[in-house]
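Encoded as structure tokens, the structure appears first; notes follow it.
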Amino acid sequence: MFPDLTRDDVFRIETRRLWLRWPTAKDKDAILKLAGDRSVAEMLAGVPHPLPPAVVETFVLQARAENTAGAALTLALARRSAPASLIGVISIHPGTTATPELGYWLGQPHWGAGLMREAVHALCDAFFAYAGGTDLTSSARTVNTASRRVLEACGFAQTGTATKPFPARGGDLSVDLFHLDRAQWQASAAVTALTEAA
């Protein structure tokens with residue numbers, strides 16, 4: 001799914017405030033603390049609360065293996081001022097359908113500053129511009145209004161609602177479904193460029 005460019009652990013995407021880089025073993029403590037926070041974990045399908053260290057170790061190893069194979073792209077988010085300090089994670093991976101799926105989380109201390117919107121824009125740009133992507137899906141729990149706002153701000157259109165498995169939450173939960181195609185991405189990028197130029 002992803003080209004050779006992304007398959008080396010020196011790969012990173014830089015934005016105005018963020019580095020998106022490969023996760024490393026040194027990120028384990030930050031993931032435990034931030035993803036293990038109940039307010040974050042409750043919005044995620046596969047993150048238990050409390051979060052066992054072994055789950056984090058497996059996650060980092062699997063993410064690196066999938067990145068190397070080009071099967072997915074999972075990146076740690078860090079502020080440019082502190083690139084070694086993980087504050088969240090973003091990924092594009094094979095979805096339950098043929099269309100790749102975007103997922104993400106951000107540590108609670110970093111909410112409300114527009115950082116995830118910045119990261120989603122950057123990874124979508126990489127997916128469409130460098131990976132030859134044509135379509136991308138995402139979903140957010142219906143109770144997660146902040147995540148829905150991020151997706152809408154990045155050009156995603158809501159396509160409906162559904163129930164999806166949330167094994168770490170003990171069953172199926174209601175989610176809003178979102179879709180972004182190449183034409184929507186190009187239109188959103190054009191609007192963003194005009195807004196920034198104004």
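One table, with the values for the structure above:
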{"quantity": "Test: residue in segment 69-80 that is closer than 17 Å to His110 by Cα and more than 16 Å from the chain's Cα centre (by Cα)", "calculated": "yes"}
{"quantity": "Residue identified as polar (S, T, N, Q) and over 24 Å from Val56 (Cβ atoms) among Gln108, Gln158", "calculated": "Gln158"}
{"quantity": "Every pair of residues 6+ apart whose Cβ atoms lie under 7 Å, when the first sits in segment 102-115 and is at positive phi while the second is assigned to a loop (DSSP other than H, G, I, E, B) and surrounded by fewer than 18 Cβ atoms within 10 Å (Cβ to Cβ)", "calculated": "none"}
{"quantity": "Residue tally, condition aliphatic (A, V, I, L, M) and part of a helix (DSSP H, G or I), over segment 113-143", "calculated": "8"}
{"quantity": "Close pairs from segment 177-192: first at negative phi, partner small (Gly, Ala, Ser) and surrounded by fewer than 16 Cβ atoms within 10 Å (Cβ to Cβ), Cβ under 6 Å, at least 6 apart", "calculated": "Leu177/Gly160; Leu177/Ala162; His179/Ala157"}
{"quantity": "Filter result (farther than 17 Å from Leu115 by Cβ and not basic (Lys, Arg)) within segment 1-22", "calculated": "Met1, Phe2, Pro3, Asp4, Leu5, Thr6, Asp8, Asp9, Val10, Phe11, Trp22"}
{"quantity": "Residues of segment 112-136 satisfying the condition of being buried (at least 19 other Cβ atoms within 10 Å of the Cβ) and farther than 27 Å from Arg79 by Cβ", "calculated": "none"}
{"quantity": "Those residues of segment 144-186 which are of a type in the set (A, V, I, L, M, F, W, C), part of a helix (DSSP H, G or I) and surrounded by 12 or more Cβ atoms within 10 Å (Cβ to Cβ), in sequence order", "calculated": "Ala146, Val150, Leu151, Ala153, Ala168, Trp185"}
{"quantity": "Every residue from segment 28-52 that is touching a residue at least 60 places away in the same chain (Cβ under 8 Å) and acidic (Asp, Glu)", "calculated": "Asp37, Glu42"}
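Matching residues to (1) closer than 25 Å to Ala41 by Cα; (2) of a type in the set (Val, Ile, Thr); (3) in contact with a helix residue (DSSP H, G or I) (Cβ under 8 Å, 6 or more places away or on another chain):
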{"position": "Pro83", "(1), (2), (3)": "yes, no, no"}
{"position": "Thr97", "(1), (2), (3)": "yes, yes, no"}
{"position": "Glu101", "(1), (2), (3)": "yes, no, no"}
{"position": "Thr137", "(1), (2), (3)": "yes, yes, no"}
{"position": "Ala153", "(1), (2), (3)": "yes, no, yes"}
{"position": "Thr159", "(1), (2), (3)": "yes, yes, no"}
{"position": "Ala162", "(1), (2), (3)": "yes, no, no"}
{"position": "Pro165", "(1), (2), (3)": "yes, no, no"}
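Each value in this text was obtained by applying a stated rule to the coordinates, not by laboratory testing. As the structure is a computational prediction, the values presented were derived from the model and not from experiment. Don't worry about glycine lacking a Cβ; one is built from the backbone with ideal geometry, like all the others, and counts go over all protein chains shown.
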